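Have a look at the structure below before the remarks.
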Amino acid sequence: MTVTDEAVPDDGPPPAEGMPVEDMPDRADRAHQADRVPEAPPVRAPSPRARRGAPWLLTAALAVLLLLLTLASAGLGAYEISPGDVLSSVAHRVGLGGGELDRVPESVLWNVRFPRIVLALLVGASLGCAGALMQGVFGNPLAEPGVIGVSSGAAVGAVAAISLGLDFLGTWTVPAFAFVAGLGTALLVYSMSRSGGRTEVVTLILTGIAVNAFAGALIGLFIFLADTAAVNQITFWQLGSLSQATWPKVWAVLPCAAAGLAVAPFYARKLDLLSLGERPARHLGVDVERLRVVLVLVVALLTAAAVSVSGVIGFVGLVVPHLLRMAAGPGHRFLIPGSALGGAVVLLAGDLAARTIAEPAELPLGVLTALFGSPFFFWLLRRSRRRQGGWA
């Protein structure tokens, strides 16, 4: 009689002699359990209450940090002023008691330190908010305001004014040229990327890259035509700095920054819907094309106003929104105002470091932001590539 393979179960090696038959299943179970890989303990996801509380905790922490940095920035420098004197002078100015300081510390505080602090807050908030809007519009956490050519266009306007020796607006000539050129470049990029009444994100990015390259060529041409003094001024402006901060510059930036920062939060819900994709967003009632037009204009307004008075300061609009997104999630109801607050904190801290690290000299602010922002950008690239399993 032939026995087929199906009739003979493969239960492992035969039992040793003298082993009771009833012990065989226990031995098999123990061997099976020994070969099993122990399972990792389950990872508990954050509770909904913890997720809801994270934005509030981050906002409170950023607000406290901003107040501390403001107090430190007002007191530290070549002429040190104690925190008590700073608070006393501020209370005296707002009519809450306190007392006026001596002539020198009072002048340093209100004519040098506070204009620079307020300008740093406005520029940082504008760049941070613009970065959050750009990442929401493009649906890419690696996007930043310079993608649409605002920074390079503003640089062309400023370099042209310096190189040609234009001064018909006095001290406002360079900022005015930078603001108009930056805003005009953003509008040019957007109009060139439209086709058939629509604007594709890929086309917009590629157009921005081409315009940025052309702007770089124009900057090089103006530098070639400029004299030595103009070249030094151009170089200093391109490195970014707040050393020329004054109250008139604050009042010039304030309307544009306030308008952009006030309008941006109203588009948080539409950006959340756009993150689902263009087609689902349209089905949910979002006019995607109109949303992009409005937000590109807001980004151009914020970035051009900031760059016109501070020079080119990079990576603030890239780093701050991404860090907050990692900490509190992608919801734009917190991300837009939180990025403005975080950008103000980062730029104020960077400006404080720029003017105190190498006293009495001052480091360019744009250099410091690039030194810390570039490694972070490289880390983002590696992290995105590792999560997606490669770029192919």
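If you filter region 265-297 down to residues that are free of Cβ contacts under 8 Å to residues at least 12 places away in the same chain and touching a helix residue (DSSP H, G or I) at 6+ places or on another chain (Cβ under 7 Å), you find that the one that is surrounded by the fewest Cβ atoms within 10 Å (Cβ to Cβ) is Leu284. Residues in region 312-321 that are in a helix (DSSP H, G or I) and either out of contact with any Pro (no Cβ under 8 Å at 6 or more places or on another chain) or within 18 Å of Leu239 (Cβ to Cβ) (or both): Val316, Gly317, Leu318, Val319, Val320. Within region 156-172, none of the residues are in contact with a Cys (Cβ under 9 Å, 6 or more places away or on another chain) and surrounded by 15 or more Cβ atoms within 10 Å (Cβ to Cβ). Among the residues of region 160-189, those identified as modelled with pLDDT of 80 or more and of a type outside the set (A, V, I, L, M) are Ser163, Gly165, Thr173, Pro175, Phe177, Phe179, Gly182, Gly184, Thr185.
When region 190-207 is limited to residues that are among the β-branched types (Val, Ile, Thr) and more than 15 Å from Gly146 (Cβ to Cβ), the one that is modelled with the lowest pLDDT turns out to be Thr199.
Only a single item in (1) on the phi < 0 side of the Ramachandran plot; (2) surrounded by 15 or more Cβ atoms within 10 Å (Cβ to Cβ) is not met by Gly149, and it is number (1).
Which of the helices (runs of 4 or more DSSP H) found entirely inside region 145-225 contain at least 3 residues meeting this: within 23 Å of Ala125 (Cα to Cα) and in contact (Cβ under 8 Å) with a residue 24 or more places away in the chain?
Fully inside region 145-225 and qualifying: 150-163, 173-193.
Taking region 190-227 as the range and being more than 22 Å from Ala143 (Cα to Cα) and of a type in the set (Asp, Glu) as the test, only Asp227 passes. Name the single residue, out of those in region 85-127 being of a type in the set (Gly, Ala, Ser) and at pLDDT below 85, that is surrounded by the most Cβ atoms within 10 Å (Cβ to Cβ). Looking at residues that are of a type in the set (Gly, Ala, Ser) and at pLDDT below 85, I get Gly98. Only one entry in Ile336, Ile313 is within 13 Å of Ala120 (Cα to Cα), buried (at least 23 other Cβ atoms within 10 Å of the Cβ) and of a type outside the set (Asp, Glu), namely Ile313.
Only one of the numbered conditions (1) in contact with an Asp or Glu (Cβ under 8 Å, 6 or more places away or on another chain); (2) among the small types (Gly, Ala, Ser); (3) modelled with pLDDT under 85; (4) closer than 30 Å to Ala210 by Cβ is violated by Gly146, and that is (1). A single entry from Leu363, Leu348 fulfils the requirement of being in a helix (DSSP H, G or I) and not polar (S, T, N, Q): Leu348. In this structure, is Ala132 touching a Lys or Arg at 6+ places or on another chain (Cβ under 9 Å) and surrounded by 24 or more Cβ atoms within 10 Å (Cβ to Cβ)? It is true that Ala132 is touching a Lys or Arg at 6+ places or on another chain (Cβ under 9 Å) and surrounded by 24 or more Cβ atoms within 10 Å (Cβ to Cβ). Take the conditions under 27 Å from Leu341 (Cα atoms), at pLDDT below 85 and not in a helix (DSSP H, G or I) and apply them to Gln238. Does it pass? The answer is no for Gln238.
Looking only at region 244-254, which residues are surrounded by fewer than 17 Cβ atoms within 10 Å (Cβ to Cβ) and either modelled with pLDDT under 85 or in contact with a helix residue (DSSP H, G or I) (Cβ under 6 Å, 6 or more places away or on another chain) (or both)?
Initially, region 244-254 is screened for residues surrounded by fewer than 17 Cβ atoms within 10 Å (Cβ to Cβ), giving 246-248, 251, 254.
Thr246, Trp247, listed by residue number.
The values are calculated or read from the model by the stated rules, or taken from the named source; none is laboratory data. What you are looking at is a predicted structure, and each value in this text was computed from that prediction instead of being measured. Cβ: placed from backbone, ideal geometry, glycine included. Neighbour counts: every protein chain shown.
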